[in-house]
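I have placed the structure first, in the form of structure tokens, so that the comments after it can refer back to it.
Since every read-out is calculated from the coordinates, none of them should be taken as a lab result. Everything numeric in this text was worked out from a predicted model, so none of it was measured. Reconstructed Cβ throughout: ideal geometry from the backbone, glycine too, with neighbour counts over all protein chains shown.
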Amino acid sequence: MTCFELDQAQQRFPELVERARRGEDVIITERNQPVVKFVAVEQDATAPVVPTKRRRRPGSAKGLVHISDDFDEPLEDFREYM
């Protein structure tokens, strides 16, 4: 585990990322207090892939949703309350 003060870490960021990739735990401190810990993300083929958000496409469900003609009609069970 290696510790760096924040101002040092800002100047050496690419090096710290590379150290974390190699498996080293890198601690960033501010006023001698730990604030951030860099650790490598394990690359696992079985790990779930985080889906990226796709832009919405208006009309993409056209023809998939059908509304019956009597949609607005009251239900039989509630006719007496109408």
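Some notes on this structure:
- Ranking of THR29, THR2, THR52 by count of other Cβ atoms within 10 Å, fewest first: THR52, THR2, THR29
- Three principal axis extents describe the C-alpha atoms of the range 1-41; from largest down they are 26, 17, 13 Å.
- Sorted largest first, the spans of the alpha carbon positions of the chain along the three principal axes are 75, 31, 25 Å.
- Beta bridges per DSSP with both ends in the chain, % antiparallel, nearest 5: 55 percent
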